[in-house]
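What follows is a single structure, written as structure tokens, with notes after it.
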Amino acid sequence: MQVNVPLRAGILVMALGLSFAAFAQEQTDGAPEQMDKIIATIGDKTVYQSELTFAESDLDPQFAQLPPEQRTAAALSALLDIKLMAQQAEKAGLGKDELFQRRVEFLKDRALHNEYFKAKVIDSISDEKVKARYDKEVAATVPEQEVKARHILVDSLEQAKAIVEDLNAGQDFVELAKEKSTGPSGPQGGDLGYFTKGRMVPEFEEAAFALESGSYTKEPIKTQFGWHIIKVEDKRDTPPPPFEKVMDQISRVLLQEEYLALLQEARATIEVDVKDENLKKLLDSVKPQGNK
């Protein structure tokens, strides 16, 4: 089962380097008074617990392997260094530069974007919503037929015909495969497991799907690998993947869809006019369908 979302929609959610999982991990469950307690002062500036939490979530991924205490110490050291250098930069007048102010505005906008994304999208994706989407996809998926088969592979037609005679005489297919098959599945009694159409070479596939469960090919089948005697043990419709196996994928798809819908709603109320024609063409080339 493949849950689909417009391919180019993913560009939107990744455009600002937004990672759903990482962003969710940044959120904390601490009470406001715990988050905002004062943990240090630098000159006349106050450093809050919330800032340490932000710094810890922004550490390089290599720090994720550290014990919690060391990770917190690394984040605190980095935070204090940042605060110290920021004060020095202010004294040097660097914060007044127009380009710097634009960067600050961008960072503010990105933070607001993330908060809005969390409030409107992440918090709306419940376990029940994910399961409902799974059930919908399962119901809409037309199952393929698959067969469970074994085979015995040999080099010549004469060898293959002799094995068919042995089977006709009542000898066990599994034991004959272990004894005589030259294929890699021979030691496992020729077991190929379940497979759908398109997985095997055409001659083999045609013969396997034509057999009834429990029967084997009375005439050997020739392929590029040699001569096969095929036995089909079972036929069934492909079962859907377990919910637990695809729930993360479905969650990501729902997040993308909700995010795209949120953007389309915003674009319907706020005009976006890209002045540079070359940039406009680039934007149009990655714009999802229906996003004008």
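Every read-out reported here was derived from the displayed coordinates using simple, explicitly stated rules and does not represent laboratory data. On a predicted model such as this, the values are computed, not experimentally measured, just so you know. FYI the Cβ positions are ideal-geometry reconstructions off the backbone, even for glycines, and counts take in every protein chain you see.
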Tell me the mean residue ellipticity at 222 nm calculated for the chain from its helices only (DSSP H runs of n ≥ 4, each -39500 (n - 2.57), averaged over every residue, nearest 500). -16500 deg cm²/dmol
So if R0 is 25 Å, what FRET efficiency would residue 91 and residue 111 give, r being the distance between their Cβ atoms, rounded to the nearest 0.05? 0.50
Under a crude label model (7 Å from the Cα following the beta-carbon direction), how far is residue 175 from residue 222 in nanometres? 3.2
Straight-line reach check, residue 218, cutoff 13 Å on alpha carbons, 8 or more apart in-chain or any other chain, hits among aspartates and glutamates -> 165, 166
Treat the stretch 207-292 as a sphere of radius equal to its Kirkwood radius over Cα pairs and apply Stokes-Einstein at 37 °C in a medium of 0.692 mPa s; give the translational diffusion coefficient in µm²/s, rounded to a whole number. 173
Which residue fluctuates the most in the chain, going by a Gaussian network model with Cα springs under 10 Å, if the choices are 252, 110, 199? 199
Please report, in cubic angstrom per residue, the volume enclosed by the convex hull of the alpha-carbon atoms of the stretch 145-237. 80
Let me know the shape class of the stretch 64-103, please: from the alpha-carbon gyration tensor, a ≥ b ≥ c as square roots of the eigenvalues, rounded when a/c is under 1.5, otherwise prolate if a/b is greater than b/c, or oblate. oblate
If I model a spin label at residue 37 and residue 99 as a point 7 Å from the Cα along the Cα→Cβ vector, what separation in nanometres do I get? 4.3
Sequence ranges 151-158, 72-79, 93-100, 117-124, ranked by mean other-Cβ count within 10 angstrom, highest first: 151-158, 72-79, 117-124, 93-100
Run the reach check for residue 235 against aspartates and glutamates, Cα to Cα strictly under 19 Å, same-chain hits fewer than 8 apart removed. What comes back? 144, 146, 191, 203, 205, 206, 212
Matching label for the computed P(r) over Cα pairs in 10 Å bins from 0, in percent, out of (i) 6, 24, 26, 20, 13, 8, 3, 0; (ii) 5, 17, 18, 16, 14, 12, 10, 6, 2, 0; (iii) 7, 31, 39, 20, 2, 0, is (ii)
R0 = 45 Å: FRET efficiency of residue 118 with residue 197, Cβ-based, nearest 0.05? 0.50
Between residue 280 and residue 215, what is the spin-label point distance in nm, taking each point 7 Å from the Cα along the Cα→C-beta axis? 6.7
Between residue 182 and residue 267, what is 0.36 nm times their sequence separation minus the Cα-Cα distance? Round to one decimal in nm. 24.2 nm
Distance between the stretch 213-292 and the stretch 97-152 - C-alpha centres, whole angstrom: 14
Anisotropy class of the stretch 53-142 from Cα gyration tensor, a/c 1.5 cut: oblate
In the neighbourhood of residue 216 defined by beta carbon distances under 9 Å, the net charge of the other residues (Lys, Arg +1; Asp, Glu -1) is +3
With springs only between Cα atoms under 10 Å apart, run a GNM on the chain and tell me which of 47, 130, 246 wobbles the most. 47
Mind checking which lysines have their C-alpha under 29 Å from residue 280, skipping anything on the same chain fewer than 8 residues away? 108, 118, 120, 292
